[in-house]
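Data first, discussion second: the structure below is written as structure tokens.
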Amino acid sequence: QVQLVESGGGLVQAGGSLRLSCASSGRAFGSYDMAWFRQTPGKERELVAAISWSGGSTYYVDSVKGRFTFSRDNAKNTAYLQMNNLKPEDTAVYYCAAKIASGTHYRTPPYDYWGQGTQVTVSS
């Protein structure tokens, strides 16, 4: 069983930065494709970024391209989302997710494991 724990959320002013971390307690972290989703009340969960098991491929939704960077350290069983130049519309609960890299595209759902979420609030 894989457990994912997010950290690093908080309150920041527009233009500021945060780094979210997603720590995994399971083994074989390097065998999982990872993703960050976000959700605001009344809206569907949105895929923000994804990364392949090796870290060699990344995907970003258009609204965060050039501002967010998704990386991973398989030796530390941890993935990171560096968020720069934050905007009020980035305010959401951010969720880390993982799925076994089984040959499907690294950002193709479903994701098998989810964290509990961390709140990011960007004030204007």
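Kindly evaluate Ala35 against the criterion of being assigned to a strand (DSSP E or B), closer than 17 Å to Pro109 by Cα and without any contact (Cβ under 8 Å) to a residue 60 or more places away in the chain.
It is false that Ala35 is assigned to a strand (DSSP E or B), closer than 17 Å to Pro109 by Cα and without any contact (Cβ under 8 Å) to a residue 60 or more places away in the chain.
Taking Pro41 as meeting all but one of (1) in a loop (DSSP other than H, G, I, E, B); (2) touching a residue at least 40 places away in the same chain (Cβ under 8 Å), write down the number of the exception.
For Pro41, the exception is condition (2).
Residue by residue through the range 75-124, note down the ones that are assigned to a helix (DSSP H, G or I) and touching a strand residue (DSSP E or B) at 6+ places or on another chain (Cβ under 6 Å).
First, the residues of the range 75-124 that are assigned to a helix (DSSP H, G or I): 75-76, 88-90.
Pro88, Asp90, listed by residue number.
Of everything in the range 44-101 that's basic (Lys, Arg) and more than 11 Å from the chain's Cα centre (by Cα), which residue is nearest to Thr118 (Cα to Cα)? Spell out how you get there, then give the answer.
First, the residues of the range 44-101 that are basic (Lys, Arg): 45, 65, 67, 72, 76, 87, 99.
Retained after the next criterion (residues that are more than 11 Å from the chain's Cα centre (by Cα)): 45, 65, 67, 76, 87, 99.
Numbers: Arg45: 14, Lys65: 21, Arg67: 19, Lys76: 20, Lys87: 17, Lys99: 19 Å.
Only one residue tops the list, namely Arg45.
Against the definition (aliphatic (A, V, I, L, M) and at pLDDT below 95), how does Val64 come out, yes or no?
Criteria not met by Val64.
Kindly list the number of the only condition in (1) under 14 Å from Val120 (Cβ atoms); (2) assigned to a strand (DSSP E or B) that fails for Gly16.
Of the numbered conditions (1) under 14 Å from Val120 (Cβ atoms); (2) assigned to a strand (DSSP E or B), the odd one out for Gly16 is (2).
Using the structure shown, decide if Gly66 is under 27 Å from Ser102 (Cα atoms), in a loop (DSSP other than H, G, I, E, B) and either open to solvent by 20 Å² or more (accessible area, probe 1.4 Å) or aliphatic (A, V, I, L, M) (or both).
no
Restricted to the range 73-87, and to residues that are of a type outside the set (Ser, Thr, Tyr) and open to solvent by less than 40 Å² (accessible area, probe 1.4 Å), which residue is nearest to Leu4 (Cα to Cα)?
In this case the residue turns out to be Ala79.
Which one of the conditions (1) under 20 Å from Gly66 (Cα atoms); (2) open to solvent by less than 40 Å² (accessible area, probe 1.4 Å); (3) in contact (Cβ under 8 Å) with a residue 60 or more places away in the chain does Asp90 fail to meet, given that it meets all the rest?
Looking at each condition in turn, Asp90 falls short on (3).
Of all the residues that make up the range 8-51, how many are open to solvent by less than 10 Å² (accessible area, probe 1.4 Å), at pLDDT 95 or above and over 12 Å from Met83 (Cα atoms)?
Residues meeting the conditions: 6.
The values are calculated or read from the model by the stated rules, or taken from the named source; none is laboratory data. Since the structure is predicted, the reported quantities are computational estimates derived from the model, not experimental observations. We place every Cβ from the backbone using ideal geometry, glycine too, and count neighbours over all the protein chains shown. What goes into the accessible areas is simple: the full protein's heavy atoms, side chains included, and nothing from ligands, DNA or RNA. Shrake-Rupley method; radii C 1.70, N 1.55, O 1.52, S 1.80 Å.
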